[in-house]
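Only one structure is covered here, and it is reproduced in the block below.
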Amino acid sequence: MSYRKKANYLRKVLPGGTLRALSAPVRGPVHLLMAVADHFEPAVSPEGGAKRVPLPEQERRLEFWVREYPKAVDRWRDHDGRPFLHTYFYPAEQYDEGLVEMLADHCHSGWGETEIHLHHGYPEPDTENNTRQMLAEFRDRLAFRHRCLAMEEGENQPRYCFVHGNFALANSRDGINCGVDSEMKVLAETGCYADFTLPTGTWHSAQTAKINSLYECALPLDEAVPHRRGIDLVAGRRPQIFPLILQGPLVADLRRSGHSLSPTLETGAITQPNPMNLHRLALWKQAKIRVAGRPNWLFIKLHCHSMDPLQQDVVIGNSFRKFLEELVSGADERKETLHFVTAREMANIALAACDGKDGDPGDYRDYRFKRFKDVPAPTEKTDSVPAAVKG
(Lines give C-alpha, C1' and ligand atoms only; values in the text may rest on other atoms or scores of the structure.)
Protein backbone atom coordinates (compact mmCIF):
# COMPACT_ATOMS: atom_id res chain seq x y z
CA MET A 1 0.00 0.00 0.00
CA SER A 2 1.24 3.48 -0.84
CA TYR A 3 2.50 5.88 1.80
CA ARG A 4 -0.28 8.31 0.83
CA LYS A 5 -3.03 5.77 1.50
CA LYS A 6 -1.52 4.84 4.85
CA ALA A 7 -1.23 8.50 5.77
CA ASN A 8 -4.89 9.10 4.88
CA TYR A 9 -5.94 6.16 7.04
CA LEU A 10 -3.87 7.30 10.01
CA ARG A 11 -5.17 10.83 9.67
CA LYS A 12 -8.69 9.48 10.13
CA VAL A 13 -8.19 7.05 13.00
CA LEU A 14 -4.95 7.71 14.86
CA PRO A 15 -5.98 10.81 16.86
CA GLY A 16 -9.12 9.18 18.30
CA GLY A 17 -7.50 5.78 18.69
CA THR A 18 -4.52 7.24 20.54
CA LEU A 19 -6.70 9.35 22.85
CA ARG A 20 -8.59 6.20 23.81
CA ALA A 21 -5.33 4.40 24.50
CA LEU A 22 -4.07 7.24 26.72
CA SER A 23 -7.31 7.68 28.64
CA ALA A 24 -7.84 6.20 32.08
CA PRO A 25 -8.07 2.40 31.91
CA VAL A 26 -11.36 0.67 32.65
CA ARG A 27 -11.11 -0.97 36.05
CA GLY A 28 -14.73 -1.98 36.61
CA PRO A 29 -17.10 -3.04 37.83
CA VAL A 30 -18.49 -3.31 34.30
CA HIS A 31 -20.82 -5.43 32.21
CA LEU A 32 -19.01 -6.67 29.10
CA LEU A 33 -21.30 -7.38 26.14
CA MET A 34 -19.23 -9.52 23.79
CA ALA A 35 -20.32 -10.41 20.25
CA VAL A 36 -18.42 -12.01 17.35
CA ALA A 37 -19.41 -10.99 13.83
CA ASP A 38 -18.27 -14.07 11.94
CA HIS A 39 -17.85 -13.39 8.20
CA PHE A 40 -18.96 -16.97 7.64
CA GLU A 41 -17.84 -18.15 4.20
CA PRO A 42 -17.61 -21.95 3.86
CA ALA A 43 -16.36 -21.49 0.28
CA VAL A 44 -13.38 -19.28 1.18
CA SER A 45 -10.11 -20.42 -0.37
CA PRO A 46 -6.75 -20.18 1.43
CA GLU A 47 -5.46 -18.79 -1.86
CA GLY A 48 -7.63 -15.71 -1.34
CA GLY A 49 -9.46 -13.62 -3.88
CA ALA A 50 -12.72 -14.75 -5.47
CA LYS A 51 -11.72 -18.41 -5.76
CA ARG A 52 -14.07 -20.86 -3.98
CA VAL A 53 -13.49 -24.40 -2.79
CA PRO A 54 -15.78 -27.24 -4.01
CA LEU A 55 -19.08 -27.97 -2.25
CA PRO A 56 -17.85 -31.23 -0.61
CA GLU A 57 -15.06 -29.25 1.09
CA GLN A 58 -17.57 -26.63 2.24
CA GLU A 59 -19.74 -29.39 3.70
CA ARG A 60 -16.73 -30.93 5.47
CA ARG A 61 -15.80 -27.59 7.03
CA LEU A 62 -19.29 -26.91 8.26
CA GLU A 63 -19.75 -30.44 9.61
CA PHE A 64 -16.50 -30.06 11.56
CA TRP A 65 -17.59 -26.71 12.95
CA VAL A 66 -21.04 -27.73 14.17
CA ARG A 67 -19.56 -30.87 15.73
CA GLU A 68 -16.52 -29.34 17.41
CA TYR A 69 -17.56 -25.80 18.33
CA PRO A 70 -19.94 -26.83 21.14
CA LYS A 71 -17.16 -28.95 22.64
CA ALA A 72 -14.83 -25.95 22.61
CA VAL A 73 -17.16 -23.52 24.39
CA ASP A 74 -19.60 -25.55 26.47
CA ARG A 75 -17.56 -25.61 29.67
CA TRP A 76 -17.07 -21.84 30.01
CA ARG A 77 -20.28 -19.87 30.41
CA ASP A 78 -21.12 -16.20 30.97
CA HIS A 79 -22.99 -14.59 33.86
CA ASP A 80 -26.30 -15.68 32.31
CA GLY A 81 -25.20 -19.28 31.75
CA ARG A 82 -24.76 -18.73 28.00
CA PRO A 83 -21.86 -20.10 25.91
CA PHE A 84 -19.54 -17.93 23.83
CA LEU A 85 -21.58 -17.20 20.70
CA HIS A 86 -20.91 -16.40 17.07
CA THR A 87 -23.22 -14.46 14.81
CA TYR A 88 -22.80 -16.16 11.43
CA PHE A 89 -23.07 -13.53 8.71
CA TYR A 90 -23.64 -15.78 5.70
CA PRO A 91 -22.95 -14.35 2.21
CA ALA A 92 -26.12 -13.91 0.19
CA GLU A 93 -24.34 -14.44 -3.12
CA GLN A 94 -23.04 -17.86 -1.92
CA TYR A 95 -26.36 -19.25 -0.68
CA ASP A 96 -26.65 -23.04 -0.60
CA GLU A 97 -29.81 -24.47 0.94
CA GLY A 98 -28.16 -27.52 2.48
CA LEU A 99 -25.30 -25.58 4.05
CA VAL A 100 -27.56 -22.91 5.48
CA GLU A 101 -29.94 -25.51 6.88
CA MET A 102 -27.01 -27.19 8.65
CA LEU A 103 -25.93 -23.82 10.06
CA ALA A 104 -29.51 -22.94 11.07
CA ASP A 105 -29.82 -26.21 13.02
CA HIS A 106 -26.57 -25.36 14.81
CA CYS A 107 -27.95 -21.94 15.72
CA HIS A 108 -31.36 -23.21 16.77
CA SER A 109 -29.53 -25.56 19.16
CA GLY A 110 -28.19 -22.52 21.03
CA TRP A 111 -24.75 -21.86 19.53
CA GLY A 112 -25.36 -18.56 17.75
CA GLU A 113 -27.55 -16.86 15.16
CA THR A 114 -27.42 -16.39 11.39
CA GLU A 115 -27.52 -12.96 9.73
CA ILE A 116 -26.81 -11.39 6.32
CA HIS A 117 -23.46 -10.75 4.64
CA LEU A 118 -23.03 -9.51 1.07
CA HIS A 119 -20.12 -9.22 -1.35
CA HIS A 120 -21.02 -7.34 -4.51
CA GLY A 121 -19.86 -4.74 -6.98
CA TYR A 122 -17.05 -6.84 -8.41
CA PRO A 123 -15.77 -6.76 -11.11
CA GLU A 124 -18.37 -4.12 -12.06
CA PRO A 125 -20.24 -1.72 -9.73
CA ASP A 126 -23.60 -3.08 -8.60
CA THR A 127 -26.96 -1.32 -9.00
CA GLU A 128 -29.52 -0.29 -6.41
CA ASN A 129 -32.22 -2.52 -7.86
CA ASN A 130 -30.01 -5.60 -7.98
CA THR A 131 -28.78 -5.01 -4.42
CA ARG A 132 -32.33 -4.64 -3.18
CA GLN A 133 -33.41 -7.85 -4.91
CA MET A 134 -30.46 -9.86 -3.58
CA LEU A 135 -31.01 -8.69 0.00
CA ALA A 136 -34.79 -9.21 -0.05
CA GLU A 137 -34.59 -12.68 -1.58
CA PHE A 138 -31.90 -13.86 0.82
CA ARG A 139 -33.71 -12.30 3.79
CA ASP A 140 -36.85 -14.25 2.94
CA ARG A 141 -34.96 -17.51 2.41
CA LEU A 142 -33.28 -17.18 5.80
CA ALA A 143 -36.52 -16.29 7.56
CA PHE A 144 -39.25 -18.32 5.91
CA ARG A 145 -37.22 -21.37 4.89
CA HIS A 146 -34.65 -21.60 7.69
CA ARG A 147 -36.39 -19.74 10.56
CA CYS A 148 -33.47 -17.36 11.09
CA LEU A 149 -33.32 -13.54 11.51
CA ALA A 150 -35.79 -11.53 13.62
CA MET A 151 -39.22 -9.95 13.78
CA GLU A 152 -40.52 -6.84 15.48
CA GLU A 153 -43.98 -6.79 17.02
CA GLY A 154 -46.57 -5.46 14.61
CA GLU A 155 -44.43 -6.00 11.50
CA ASN A 156 -44.70 -8.62 8.75
CA GLN A 157 -41.26 -8.14 7.25
CA PRO A 158 -38.27 -10.06 8.66
CA ARG A 159 -35.56 -7.87 10.16
CA TYR A 160 -31.82 -8.46 10.05
CA CYS A 161 -28.29 -7.41 10.96
CA PHE A 162 -25.67 -6.89 8.27
CA VAL A 163 -21.98 -6.86 7.45
CA HIS A 164 -20.65 -5.70 4.11
CA GLY A 165 -18.16 -7.92 2.31
CA ASN A 166 -14.80 -6.20 1.82
CA PHE A 167 -15.97 -3.52 4.29
CA ALA A 168 -17.23 -1.31 1.42
CA LEU A 169 -20.47 -0.26 3.16
CA ALA A 170 -22.56 2.27 1.21
CA ASN A 171 -19.94 2.63 -1.54
CA SER A 172 -17.27 3.70 0.92
CA ARG A 173 -14.48 2.47 -1.38
CA ASP A 174 -15.38 4.85 -4.21
CA GLY A 175 -17.12 2.26 -6.35
CA ILE A 176 -14.96 -0.77 -5.55
CA ASN A 177 -16.78 -3.82 -4.08
CA CYS A 178 -20.11 -2.01 -4.01
CA GLY A 179 -21.05 0.82 -6.38
CA VAL A 180 -24.38 1.66 -4.71
CA ASP A 181 -24.37 5.12 -3.12
CA SER A 182 -27.87 4.54 -1.73
CA GLU A 183 -27.02 1.19 -0.15
CA MET A 184 -27.85 2.34 3.39
CA LYS A 185 -31.32 3.34 2.23
CA VAL A 186 -31.72 -0.08 0.58
CA LEU A 187 -30.67 -1.78 3.81
CA ALA A 188 -33.21 0.23 5.77
CA GLU A 189 -36.03 -0.50 3.37
CA THR A 190 -35.32 -4.23 3.30
CA GLY A 191 -35.39 -4.52 7.09
CA CYS A 192 -31.83 -4.01 8.34
CA TYR A 193 -31.84 -2.53 11.84
CA ALA A 194 -28.12 -2.72 12.68
CA ASP A 195 -24.85 -2.81 10.76
CA PHE A 196 -21.76 -4.52 12.21
CA THR A 197 -19.24 -3.87 9.40
CA LEU A 198 -16.86 -1.47 11.17
CA PRO A 199 -14.05 -1.13 11.89
CA THR A 200 -12.37 -2.26 8.71
CA GLY A 201 -9.04 -4.03 8.49
CA THR A 202 -5.97 -1.87 9.07
CA TRP A 203 -5.12 0.53 6.21
CA HIS A 204 -8.50 -0.03 4.56
CA SER A 205 -9.81 2.96 2.60
CA ALA A 206 -13.43 2.38 3.68
CA GLN A 207 -12.67 3.18 7.32
CA THR A 208 -14.53 6.19 8.72
CA ALA A 209 -13.08 8.89 10.94
CA LYS A 210 -15.85 8.19 13.45
CA ILE A 211 -14.66 5.26 15.56
CA ASN A 212 -15.49 3.42 18.79
CA SER A 213 -19.13 4.44 18.58
CA LEU A 214 -22.75 3.30 18.60
CA TYR A 215 -24.75 5.74 16.50
CA GLU A 216 -27.34 6.72 13.94
CA CYS A 217 -26.29 7.97 10.51
CA ALA A 218 -26.33 11.77 10.49
CA LEU A 219 -26.34 12.15 6.70
CA PRO A 220 -29.08 11.22 4.20
CA LEU A 221 -29.30 7.46 3.67
CA ASP A 222 -29.55 7.82 -0.10
CA GLU A 223 -26.06 9.31 -0.41
CA ALA A 224 -22.72 7.52 -0.28
CA VAL A 225 -21.18 6.80 3.12
CA PRO A 226 -23.89 8.41 5.28
CA HIS A 227 -22.32 6.73 8.30
CA ARG A 228 -19.19 8.88 8.09
CA ARG A 229 -21.01 11.21 10.48
CA GLY A 230 -23.27 10.10 13.27
CA ILE A 231 -25.53 10.89 16.21
CA ASP A 232 -24.34 8.90 19.21
CA LEU A 233 -26.82 6.68 21.02
CA VAL A 234 -27.85 8.21 24.35
CA ALA A 235 -29.78 6.75 27.29
CA GLY A 236 -33.25 8.25 27.36
CA ARG A 237 -33.45 9.13 23.65
CA ARG A 238 -34.95 6.58 21.25
CA PRO A 239 -33.06 6.49 17.92
CA GLN A 240 -34.96 7.44 14.78
CA ILE A 241 -32.68 6.39 11.88
CA PHE A 242 -32.02 2.73 11.07
CA PRO A 243 -29.84 0.79 10.51
CA LEU A 244 -27.86 1.69 13.60
CA ILE A 245 -24.08 1.56 13.26
CA LEU A 246 -22.57 -0.65 15.99
CA GLN A 247 -18.79 -0.52 15.79
CA GLY A 248 -16.06 -2.66 17.25
CA PRO A 249 -12.89 -1.32 18.89
CA LEU A 250 -10.21 0.68 17.09
CA VAL A 251 -7.47 1.66 19.54
CA ALA A 252 -3.75 2.31 19.27
CA ASP A 253 -1.83 -0.53 20.91
CA LEU A 254 0.94 1.49 22.55
CA ARG A 255 2.63 -1.54 24.08
CA ARG A 256 3.09 -3.24 20.72
CA SER A 257 3.74 -0.07 18.73
CA GLY A 258 6.80 0.96 20.72
CA HIS A 259 8.76 3.52 18.71
CA SER A 260 7.56 2.25 15.36
CA LEU A 261 6.68 4.83 12.72
CA SER A 262 3.84 2.51 11.69
CA PRO A 263 1.70 2.23 14.84
CA THR A 264 -0.02 -1.01 15.78
CA LEU A 265 -3.79 -0.69 15.86
CA GLU A 266 -6.28 -2.95 17.62
CA THR A 267 -9.30 -3.51 15.35
CA GLY A 268 -11.03 -6.43 17.05
CA ALA A 269 -10.03 -8.82 14.24
CA ILE A 270 -9.45 -12.42 15.39
CA THR A 271 -6.63 -13.67 13.17
CA GLN A 272 -3.85 -16.22 13.28
CA PRO A 273 -1.12 -13.59 13.80
CA ASN A 274 -3.19 -11.88 16.49
CA PRO A 275 -5.17 -14.35 18.63
CA MET A 276 -7.42 -13.30 21.49
CA ASN A 277 -5.68 -12.69 24.81
CA LEU A 278 -6.09 -10.65 27.98
CA HIS A 279 -3.92 -7.80 26.68
CA ARG A 280 -6.29 -7.39 23.77
CA LEU A 281 -9.26 -7.62 26.13
CA ALA A 282 -7.90 -4.60 28.01
CA LEU A 283 -7.73 -2.68 24.72
CA TRP A 284 -11.30 -3.67 23.78
CA LYS A 285 -12.43 -2.27 27.11
CA GLN A 286 -10.26 0.81 26.59
CA ALA A 287 -12.26 1.61 23.44
CA LYS A 288 -15.14 2.42 25.82
CA ILE A 289 -17.88 1.72 23.28
CA ARG A 290 -21.16 2.39 25.03
CA VAL A 291 -24.49 4.15 25.00
CA ALA A 292 -23.96 7.57 26.60
CA GLY A 293 -25.42 7.51 30.08
CA ARG A 294 -24.66 3.80 30.61
CA PRO A 295 -20.90 3.92 31.30
CA ASN A 296 -20.76 0.47 32.88
CA TRP A 297 -22.26 -1.33 29.85
CA LEU A 298 -19.32 -1.86 27.48
CA PHE A 299 -19.98 -3.17 23.96
CA ILE A 300 -17.24 -5.33 22.45
CA LYS A 301 -17.87 -6.38 18.84
CA LEU A 302 -15.13 -8.60 17.38
CA HIS A 303 -14.91 -10.11 13.90
CA CYS A 304 -13.40 -13.21 12.32
CA HIS A 305 -13.48 -15.58 9.33
CA SER A 306 -14.01 -18.92 11.06
CA MET A 307 -14.32 -20.97 7.86
CA ASP A 308 -10.84 -19.98 6.70
CA PRO A 309 -8.72 -23.04 7.54
CA LEU A 310 -5.75 -20.76 8.21
CA GLN A 311 -7.65 -19.26 11.17
CA GLN A 312 -8.77 -22.51 12.80
CA ASP A 313 -6.65 -22.34 15.94
CA VAL A 314 -7.72 -18.80 16.89
CA VAL A 315 -11.45 -19.47 16.51
CA ILE A 316 -11.80 -23.02 17.83
CA GLY A 317 -8.35 -24.39 18.72
CA ASN A 318 -6.02 -24.27 21.72
CA SER A 319 -5.30 -20.54 21.71
CA PHE A 320 -9.03 -19.77 21.65
CA ARG A 321 -9.80 -22.24 24.45
CA LYS A 322 -6.98 -20.83 26.59
CA PHE A 323 -8.37 -17.32 26.18
CA LEU A 324 -11.92 -18.40 26.94
CA GLU A 325 -10.76 -20.10 30.16
CA GLU A 326 -8.83 -17.01 31.25
CA LEU A 327 -11.69 -14.73 30.27
CA VAL A 328 -14.31 -16.54 32.35
CA SER A 329 -12.21 -17.72 35.30
CA GLY A 330 -10.68 -14.28 35.86
CA ALA A 331 -13.82 -12.18 35.35
CA ASP A 332 -14.58 -11.71 39.05
CA GLU A 333 -11.04 -10.57 39.82
CA ARG A 334 -11.23 -8.08 36.93
CA LYS A 335 -14.66 -6.91 38.19
CA GLU A 336 -16.33 -7.92 34.94
CA THR A 337 -19.80 -9.35 34.45
CA LEU A 338 -19.66 -11.23 31.14
CA HIS A 339 -22.53 -11.43 28.66
CA PHE A 340 -21.90 -13.45 25.49
CA VAL A 341 -24.38 -12.05 22.98
CA THR A 342 -25.35 -12.27 19.33
CA ALA A 343 -25.50 -9.25 17.05
CA ARG A 344 -29.28 -9.15 17.46
CA GLU A 345 -28.99 -9.26 21.22
CA MET A 346 -26.33 -6.55 21.25
CA ALA A 347 -28.59 -4.28 19.20
CA ASN A 348 -31.52 -5.01 21.51
CA ILE A 349 -29.48 -4.13 24.59
CA ALA A 350 -28.34 -0.87 23.02
CA LEU A 351 -31.97 -0.02 22.21
CA ALA A 352 -33.01 -0.85 25.76
CA ALA A 353 -30.39 1.57 27.06
CA CYS A 354 -31.71 4.24 24.70
CA ASP A 355 -35.17 3.66 26.18
CA GLY A 356 -33.80 4.33 29.64
CA LYS A 357 -33.45 0.74 30.83
CA ASP A 358 -30.79 0.08 33.47
CA GLY A 359 -29.56 -2.70 35.71
CA ASP A 360 -28.54 -6.04 34.20
CA PRO A 361 -28.19 -5.73 30.39
CA GLY A 362 -28.66 -9.48 30.03
CA ASP A 363 -32.34 -8.92 30.76
CA TYR A 364 -32.77 -7.16 27.40
CA ARG A 365 -31.44 -9.69 24.89
CA ASP A 366 -34.88 -9.95 23.28
CA TYR A 367 -35.99 -6.41 24.04
CA ARG A 368 -37.32 -5.31 20.63
CA PHE A 369 -36.30 -7.70 17.86
CA LYS A 370 -37.33 -11.29 18.63
CA ARG A 371 -35.91 -14.37 16.94
CA PHE A 372 -38.01 -15.28 13.92
CA LYS A 373 -38.34 -18.86 15.09
CA ASP A 374 -39.81 -17.73 18.42
CA VAL A 375 -42.71 -15.68 17.03
CA PRO A 376 -45.78 -16.74 15.01
CA ALA A 377 -44.89 -16.88 11.33
CA PRO A 378 -46.20 -13.89 9.33
CA THR A 379 -49.03 -14.66 6.96
CA GLU A 380 -47.46 -12.74 4.10
CA LYS A 381 -44.13 -11.29 2.97
CA THR A 382 -43.74 -7.62 2.22
CA ASP A 383 -41.04 -5.18 1.18
CA SER A 384 -42.73 -2.18 2.74
CA VAL A 385 -40.51 0.21 4.68
CA PRO A 386 -40.37 -0.88 8.36
CA ALA A 387 -41.89 1.59 10.78
CA ALA A 388 -38.59 1.78 12.66
CA VAL A 389 -36.87 3.24 9.61
CA LYS A 390 -39.26 6.16 9.67
CA GLY A 391 -39.00 6.61 13.41
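The values are calculated or read from the model by the stated rules, or taken from the named source; none is laboratory data. None of these values were measured; they are calculated from a predicted model. Virtual Cβ from ideal backbone geometry, glycine too; neighbours counted across all protein chains shown. Ligands, DNA and RNA are excluded from the accessible area calculation, which covers all protein heavy atoms including side chains. Shrake-Rupley method; radii C 1.70, N 1.55, O 1.52, S 1.80 Å.
GluC sites (Glu not before Pro) within the stretch 176-239: which are DSSP loop residues with at most 16 other Cβ atoms inside 10 Å?
For GluC sites (Glu not before Pro) across the stretch 176-239 that sit outside H, G, I, E and B with at most 16 neighbouring Cβ atoms in 10 Å, the list reads 223.
Take each of the peptides 191-201, 266-276, average the number of other beta-carbon atoms within 10 Å over its residues, and list them starting from the highest.
Numbers: 191-201: 25.1, 266-276: 18.8.
Highest-to-lowest ranking by the protection proxy: 191-201, 266-276.
Skip the ligands, DNA and RNA, and give the accessible area per residue of the chain with a 1.4 Å probe, whole Å². If you can, show how the numbers build up before the last one.
Values: 15830 Å² over 391 residues.
I get 40 Å² per residue for the chain.
Quick check for you: which residues of the stretch 92-108 have the amide N under 15 Å from the point 7 Å beyond the Cα of residue 52 toward its beta carbon?
Counting only backbone N, you get 92-101.
Once label points are set 7 Å from the Cα along Cα→Cβ at both residue 101 and residue 332, what is their separation, rounded to one decimal in nm?
Label at residue 101, label at residue 332, 4.6 nm between them.
Can you tally the net charge around residue 340? Count Lys and Arg as +1, Asp and Glu as -1, for every other residue whose Cβ sits under 11 Å from the Cβ of residue 340. If you can, show how the numbers build up before the last one.
Numbers: positive: 77, 82, 365; negative: 78, 80, 345.
Once positives and negatives cancel, what remains is 0.
Given R₀ = 30 Å, what would the calculated FRET efficiency be for residue 257 paired with residue 109, taking r from the Cβ atoms and rounding to 0.05?
So the FRET efficiency works out to roughly 0.10.
Which of the peptides 355-361, 167-173, 26-32 is most tightly packed, and how do the rest follow, judged by the mean count of other Cβ atoms within 10 Å per residue?
167-173, 26-32, 355-361
Would you compute, from DSSP H runs of 4+ residues alone, the mean residue ellipticity of the chain at 222 nm, taking -39500 (n - 2.57) per run and dividing by the full residue count, rounded to the nearest 500?
Calculated at 222 nm, the ellipticity per residue is -9000 deg cm²/dmol.
Just to check I understand the Karplus step: with θ = phi - 60° and J = 6.51 cos²θ - 1.76 cosθ + 1.60, what whole-Hz values come out for the stretch 198-213, glycine and proline as x?
8, x, 7, x, 4, 6, 7, 5, 7, 5, 8, 6, 7, 10, 6, 9
Please find, in a Gaussian network model of the chain (springs between Cα atoms separated by less than 10 Å), the residue of 343, 282, 136 whose mean-square fluctuation is greatest.
282
Given the options 302, 187, 281, which has the most mean-square fluctuation in a GNM of the chain, springs set between C-alpha atoms less than 10 angstrom apart?
281
Express the carbon and sulfur contribution to the solvent-accessible surface of the chain as a percent, rounded to the nearest whole number, probe 1.4 angstrom. Walk me through the numbers before you get to the answer.
On the way: 7780 of 15830 Å².
That fraction is 49 percent.
Note down the magnitude of the dipole of the stretch 142-297 about its Cα centre, charges +1 on Lys and Arg C-beta and -1 on Asp and Glu C-beta and zero elsewhere, to the nearest 20 debye.
Working: 17 positive and 14 negative charges, 143 e Å.
Dipole size: approximately 680 debye.
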